[in-house]
1. Under unit Cβ charges (Lys, Arg +1; Asp, Glu -1), what dipole magnitude, rounded to 20 debye, does the protein assembly as shown have relative to its Cα centre?
2. Please identify every one of the chymotrypsin sites (Phe, Trp or Tyr not before Pro) in the stretch B:109-170 that sits in a loop by DSSP and has no more than 11 other beta carbons within 10 Å of its own beta carbon.
3. List the GluC sites (Glu not before Pro) in the stretch B:62-162 that DSSP assigns to loop (not H, G, I, E or B) and whose Cβ has at most 15 other Cβ atoms within 10 Å. Which are they?
4. Which three lengths, in whole Å and largest first, does the stretch B:28-120 cover when its Cα atoms are put on their principal axes?
5. Please list the non-local residues whose amide H lies under 5 Å from the amide H of B:A144, H modeled 1.01 Å from N, same-chain partners needing a gap of 5 or more.
6. Taking other Cβ within 10 Å of each residue's Cβ, how do B:I124, B:I54 sort, fewest first?
7. Semi-axes, largest first, in whole Å: what does sqrt of 5 times each Cα gyration tensor eigenvalue give for chain B?
8. What is the extension gain from B:V65 to B:N174, computed as 0.36 nm multiplied by their sequence separation minus the C-alpha to C-alpha distance, in nm to one decimal?
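What follows draws every value from the coordinates through simple rules; no lab data is involved. Quick caveat, the model's predicted, so the values are computed rather than measured. Note that we place each Cβ from the backbone using ideal geometry, even for glycine, and neighbour counts take in every protein chain shown.
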Amino acid sequence: IVAKTLHDEL
Amino acid sequence: MNIFRILGDVSHLLAMIILLVKIWRSKSCAGISGKSQILFALVFTTRYLDLFTIFISVYNTVMKVIFLVCAYITVYMIYMKFHKTFDREHDSFRLEFLLVPVTGLSFLENHSFTPLEILWTFSIYLESVAILPQLFMISKTGEAETITTHYLFFLGLYRALYLANWIWRYHTENFYDQIAVVSGVVQTIFYCDFFYLYVTKVLKGKKLSLP
């Protein structure tokens, strides 16, 4: 499964 | 990547290192809420599952791994290595009061109804309240060691810097994540009272004690 939303923060 | 984001991440890392150093040097976790630390370990675990699904950058991956390792070492120190010094009596916050609403809310309000997204949302909501057992413990005992207040200061500073990061990203990249922003604002508000005490007492060389 690939996350639809890119969460690029920690 | 902007300066607020970098400084925020550095503050976050510094907070975790300060806590570990405090426990390691004093060989004691007195005054530290084990429940808050378990919640933070849960926050990182549920948020960083994307380590297995997506690659963002070397920085992102390395920091995530460091955060996870720090969180689990801290929990290990409190509940295993130095468990005799852990103040169980005063760490009496009821976790179900946080976990039940946070779980419910993450199912109701998320970006998409997929397992990873729900877990990410859960971690964002949980992080915003994870410090409450620690603050509750301090209000119960009425005092905190100075090094513990430094830990809390850098943890709060990290949230405040992330707010600046989101304002920056909104204007420069048109980036806006409502779930993260609203939770971040809530989380920062919890630190305001503490910030006031930190500036008026700790920075003037006094111990943080409540009347």
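1. So the magnitude is around 860 debye.
2. B:F113
3. B:E109
4. The principal-axis extents, from largest down, are 42, 33, 15 Å.
5. B:L208
6. Ranked by crowding around the Cβ, least crowded first: B:I54, B:I124.
7. Ellipsoid half-lengths, sorted descending, are 28, 20, 17 Å.
8. Separation in residues times 0.36 nm, less the Cα-Cα distance, equals 36.4 nm.
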